[in-house]
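The values are calculated or read from the model by the stated rules, or taken from the named source; none is laboratory data. Since the structure is predicted, the reported quantities are computational estimates derived from the model, not experimental observations. So basically every Cβ, Gly included, is an ideal-geometry build from the backbone, and we count neighbours across all protein chains shown. Heavy atoms of the whole protein, side chains included, go into the accessibility calculation; ligands, DNA and RNA do not. Shrake-Rupley method; radii C 1.70, N 1.55, O 1.52, S 1.80 Å.
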Amino acid sequence: MTASLFGIYTAQRSLSLNQAAIDLISNNISNMNTPGYSKQRVEIEQLTSGNISNIPQNACQDSLGAVISSISRNREAYLDTYFRNENSGLSYFKELQGNADLIENITNELDEIGINHSLDEFYESLHQLGGNPNDIVARNNVIQKTIELTSKFNSVYERLENLRTSIVGDFTNPNTLNNSKIQLSINELNNKLSSIADLNSTIILSTSQGTSPNYLLDQRDKLLDEVSALIPIDITTHSNGSVTVNLGNTSLVSGQEQTGFFEVTSGDINNPAIIQIQNGTGGTLVNDAYSLIDSGKIGAILEMGGSDANKLTIKSVMDDLDTLAEELATSINGIQTSGQYMIENPVGSGTYELSGDPLVTIPPDFFVDNLGATLNITAKTICLNSAILNDSYQIATADAASETGETGDGSNALLMAQVRDSFLGGLGGATTEQYITNLVGKVGSKTNTIKNNLDIKENVTQQVRLRRESVMGVNLDEEMTDLIKFQRSYEASAKIFSIVDQTIKTIINMVG
Amino acid sequence: MINQRITNGYLNENVLSNLVTNRDKLIELQRKIASGKEIENASDNVFSATTILNSNFSLGKIDVYLKNINTAKSEIETADKALLTTLDSVHKSRELTIQALNATSGAEEMGIIGSQINQLLQQVKDIGNTQFGTKYIFGGQNTNSAPFSVPADGEIKYNGSSDGTPERDIEIAKSVTITMNIGGDELFGYYYEDPANPGTYLEQGLIGTLTTLKQELEGAQDKDVIRTKLEELDLELQGLLEAQSTFGGLLSRLEITQQLHKDDEINLTDVKSQVQDVDFAKTISDLQFQETALKASLQVSARVIQPSILNYL
């Protein structure tokens, strides 16, 4: 016996199925521009009663129409893995390039504001002084050019130091870590990892209840994308819906728990920021994660702020400047202290004579450090000796052999000017100017390599992103076509509804 | 690409990244044209950057050398003129001495010639105190005070460098220094009482000869002595001519070096310009090409994005 109202139930199921499909299309269209959203689609299957009837008439009613078996996401797991690997590399090179650009800007030697330009003027002023040692204008010119040179050294160095402090902090002042880029990035990383663990637990719950928590999965995938931009991670998906996140062999998120917590501690001059990984109770899992984090934004920050000799680091440029400043100061000081300067004799007369044997009357050093000594001359501390600053006659222009009256002897100043062409041992046998060229070349070629790598990564990542987008994105044509498909289906179901209604009505009227 | 789902996000991203790339190129060209410089950072082209730096260094040095050469030239020219005047004085002194040696010259005439010689002597002393700017150029390394002074009547003393190294050197090319002066004692000599040995007089050179000649003319008037002074004058003349040829040689050497530096300067500027300066013709045509490319991609993008099934439903 067949049920007369059977058809109306099938039509009703069909109506609600099509209604749900249209709602899902509406959701897809609403989220077509939502970052991280994966297009969802209804999986429809036949519904049967499970009875196998022998009577063909009854067999019609064994099929109960269609039902939505699940709502699935358009997603390809291998594209996600591919994208995240590339994404780590991309943000690594992006961060490197940002810093390399800053270093290049700070040490810009190509236009007329660089150290080399000041150095050129410094040597020129010494040459002029050598030709006119009695000329007060020439002397003051040397003073001016020296101040320009030393402040150029100081300011370039300071800007590099500030840049380094802003990314990895200053190890002598651990408070600077709090606002450093590394600390902020690590905070962001910890937050995201903890969110992933939270999402894991909700997802495990939903999955165990048999529903597919698409919204949560999308959210977790987006977080994983973002974490991959910070550090290189390995992700394993489990059947209960949770993911395990690893950095090397160290587990960061496992099941519902965040198992690895990142901690930034102050280090030493070579690596001002040290990244530790701790477990939930504060026990140390990894003492120094420098070698583990070799990619991602955090990897780039650690590398730039570190002191790896093969990489472009801020410290390497600072060290090179230090060497240059120290070597220049030592050379000039050596010549200055073995010459003779001028003394006004008698005081107030305006006539000058040479100071005499430099072994007896030792001329003041030309360059000194911030304490007025010569012990610690670096690019940061180099300055003109205040004795010379206050009395330019103390520049030792004459050589040791000259007689007291021979103030016209500029041979010692000439020797200072000739430091320009000297191959200095401390600079690896280069002249000061060659050393700058080498420095600029070194920074330039390393920056260039970073830029090229970034270009490549950008292209590759863009391609992967597009491939992923073509899987998970919303296509309007598709949605509209589906919309019409389900609309027609809805209309047809409604028609069946009304036909069945009419047939029942016919029967009732007959009875009536 | 076959059977790929072209989603709206895909289209947008693709169109955007193409437009961004095109705009990037356009901006880069615009920057080049505006700044006139081919490269801005060393990383743009490391080879060009080091070429520019090396050219700058060499140009800086050449600039210094050219300034030094000018300084040296001016001073040497001043010294050369001074020598020329001195030579005149020596010639006049010779004529006067020959006149004194004439048989007809009497005691009174000799006395007059003696005072004329004295005038010339004072002139030589003044020339010895020639200044270039504020520098006394014949005082050796002692340039601040007049090298020739008169400690007592009839004496002329040299106060310049006396340690045997009066040279003032200047660098005119890499590791090439020239001496731009000759000590005043060597050129003009002196005549004064030895402070360590009162009663004996130290004499040398032209000033020594002229002083003793004057003394002879105004005193003993021994023609044999005067004749030996004439011979001494010839020797002084010889010495001065040698000095003059030294200066002349230096001047022409400076001229040649200057010319070499100027040639180098032109070459280096050219080298630097080739890597640093923008080739405007090429860059502007690149710009036009890029502009067309951008316009085309805008037009294509607009047409690709526009159509949707919505227009037909």
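Filtered by the rule that a residue be open to solvent by 20 Å² or more (accessible area, probe 1.4 Å), at the interface with chain A (Cβ under 9 Å from one of its Cβ atoms) and part of a helix (DSSP H, G or I), the range B:24-57 gives B:44, B:46, B:47, B:50, B:54, B:56. The residue list A:442, A:451 contains one member that is open to solvent by 40 Å² or more (accessible area, probe 1.4 Å) and in contact with a helix residue (DSSP H, G or I) (Cβ under 7 Å, 6 or more places away or on another chain), which is A:451.
Scanning the range B:230-287 for residues being under 25 Å from residue A:110 (Cβ atoms), of a type in the set (Val, Ile, Thr) and out of contact with any helix residue (DSSP H, G or I) (no Cβ under 8 Å at 6 or more places or on another chain) gives a total of 1. Check whether at least one residue in the range A:468-485 is within 17 Å of residue A:88 (Cα to Cα) and under 25 Å from the mean Cα position of the chain (by Cα), and report yes or no. Yes, the conditions are met somewhere in the range A:468-485.
Can you tell me which residues in the range B:160-178 are over 24 Å from residue B:64 (Cβ atoms) and hydrophobic (A, V, I, L, M, F, W, C)? Of everything in the range B:160-178, nothing turns out to be over 24 Å from residue B:64 (Cβ atoms) and hydrophobic (A, V, I, L, M, F, W, C). Whether a residue is of a type outside the set (Phe, Trp, Tyr), closer than 19 Å to residue A:476 by Cβ, open to solvent by 40 Å² or more (accessible area, probe 1.4 Å) and in contact with an Asp or Glu (Cβ under 7 Å, 6 or more places away or on another chain) was assessed, and residue A:25 does not pass this test.
Among the numbered criteria (1) within 14 Å of another protein chain (Cβ to nearest Cβ); (2) surrounded by fewer than 16 Cβ atoms within 10 Å (Cβ to Cβ), which one does residue B:292 miss? Against the list (1) within 14 Å of another protein chain (Cβ to nearest Cβ); (2) surrounded by fewer than 16 Cβ atoms within 10 Å (Cβ to Cβ), residue B:292 comes up short only on (1). Looking at the range B:297-309 only, could you name the residues that are in a helix (DSSP H, G or I) and either touching a residue at least 12 places away in the same chain (Cβ under 8 Å) or loosely packed, with under 10 Cβ neighbours inside 10 Å (or both)? Residues satisfying the conditions are B:297, B:298, B:301, B:303, B:304, B:305. Per the listing A:54, A:27, A:87, A:18, the residue uniquely within 43 Å of the chain's Cα centre (by Cα), among the polar types (S, T, N, Q) and either in the same structural domain as residue A:488 (by TED's automatic domain parsing) or in a loop (DSSP other than H, G, I, E, B) (or both) is A:27.
Within the range A:103-125, is even one residue more than 14 Å from chain B (Cβ to nearest Cβ), part of a helix (DSSP H, G or I) and either under 28 Å from residue A:396 (Cβ atoms) or in contact (Cβ under 8 Å) with a residue 12 or more places away in the chain (or both)? So far as the range A:103-125 goes, no, none of its residues is more than 14 Å from chain B (Cβ to nearest Cβ), part of a helix (DSSP H, G or I) and either under 28 Å from residue A:396 (Cβ atoms) or in contact (Cβ under 8 Å) with a residue 12 or more places away in the chain (or both). Residues in the range A:353-395 that are within 14 Å of another protein chain (Cβ to nearest Cβ) and not acidic (Asp, Glu) were compared, and the one that is nearest to residue A:136 (Cα to Cα) is A:393. The set of residues in the range B:190-244 being without any contact (Cβ under 8 Å) to a residue 24 or more places away in the chain, in a helix (DSSP H, G or I) and surrounded by fewer than 20 Cβ atoms within 10 Å (Cβ to Cβ) consists of B:212, B:224, B:225, B:228, B:231, B:232, B:235, B:238, B:242.
Any residue that is open to solvent by 20 Å² or more (accessible area, probe 1.4 Å), outside any helix (DSSP H, G or I) and closer than 26 Å to residue A:123 by Cα - is there at least one of those in the range B:74-86? No - not one qualifying residue is present in the range B:74-86.
Among all residues of the range A:68-81, there is at least one that is more than 14 Å from chain B (Cβ to nearest Cβ) and open to solvent by less than 20 Å² (accessible area, probe 1.4 Å).
Of the strands (runs of 3 or more DSSP E) entirely within the range A:197-307, those holding at least 3 residues that are out of contact with any Pro (no Cβ under 8 Å at 6 or more places or on another chain) and of a type in the set (Val, Ile, Thr) occupy A:234-237, A:243-247, A:273-278. For the range A:427-449, the set of residues classified as at the interface with chain B (Cβ under 8 Å from one of its Cβ atoms) and more than 15 Å from residue A:320 (Cβ to Cβ) consists of A:448 only. The set of residues in the range A:314-352 that are under 30 Å from residue B:144 (Cβ atoms), of a type in the set (Val, Ile, Thr) and within 14 Å of another protein chain (Cβ to nearest Cβ) comprises A:343, A:351.
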